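Notes follow the structure.
No lab work stands behind these numbers, since they all come straight from the coordinates. Here the structure is a predicted model, which is why all the values come from computation and not from measurement. Cβ coordinates were reconstructed from backbone atoms using ideal geometry, including for glycine residues, and neighbour counts include every protein chain displayed.
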Amino acid sequence: MWAFVKRLWSTIRRPSVHYSLGALTIGGFIMGVLFWGAFNTAMELTNTETFCTGCHEMRDNVFAELKTTIHYTNRSGVRAICSDCHVPHDWTDKIARKMQASKEVWGKIFGTISTREKFLEKRLELAQHEWARLKANNSLECRNCHSSDSMDITRQSARAAEAHERFLFTGEKTCIDCHKGIAHQLPDMSQQSAWTGHGSASSLEKATAYLEQQQSGKN
């Protein structure tokens, strides 16, 4: 193996006999452009709704729930797709997210949530992971579309305007702290203490309980 590596390195560092430096430079540039184009095309394909809902685990569970919310159907006709909420738009953050999401391939291979029963059993854990990720990056994906700088709170309800002024604009809270369950149904929060290892109700639990009450009032 080491001998092969040495021969390969010797070949790479040996000056070209048949091609000029200019030809090699232009050829390398063209190959770089082709590679970059192919890479970005593949990256964008994995951001499409068709790709995200290509497996029944997503199509029959969370995507079916999304279709009942205002993020899917609304008066303006502007619709969010999976990648809008789960993939940052900035390239470096997007690459980091794609690398993190590659672990989900193993879940597909081993059937971690291959049935509705398995999905419901894992739902709280999956939701907690996603909430923690959004909390850590200051709800970066939410800000793909929603900017606090351009938010006109005079057109919001008094309660929403007060909450945004008090918590969002001051940086005390981020979007996901108050807007869980806005695109997907909330999991069974009665198991939260067992999953997190905390017996007392945290502010997260209280906020989630309030959201559950709101959600049940809409149904």
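What to note about this one:
- Residue tally, condition in a helix (DSSP H, G or I) and loosely packed, with under 14 Cβ neighbours inside 10 Å, over segment 126-146: 3
- Some residue of segment 147-160 being part of a helix (DSSP H, G or I), surrounded by fewer than 16 Cβ atoms within 10 Å (Cβ to Cβ), of a type in the set (A, V, I, L, M, F, W, C) and in contact with a helix residue (DSSP H, G or I) (Cβ under 8 Å, 6 or more places away or on another chain): yes
- Applying a threshold of 6 Å to beta carbon distances and a minimum spacing of six or more residues, or different chains, the list of pairs starting in segment 111-138 at a residue that is farther than 22 Å from PHE167 by Cα and ending at one that is acidic (Asp, Glu) reads ILE113/GLU57.
- Restricting GLY32, GLY22, GLY27, GLY37 to those that are touching a Phe, Trp or Tyr at 6+ places or on another chain (Cβ under 8 Å), of a type outside the set (Asp, Glu) and more than 30 Å from ALA127 (Cα to Cα) reduces the list to GLY27.
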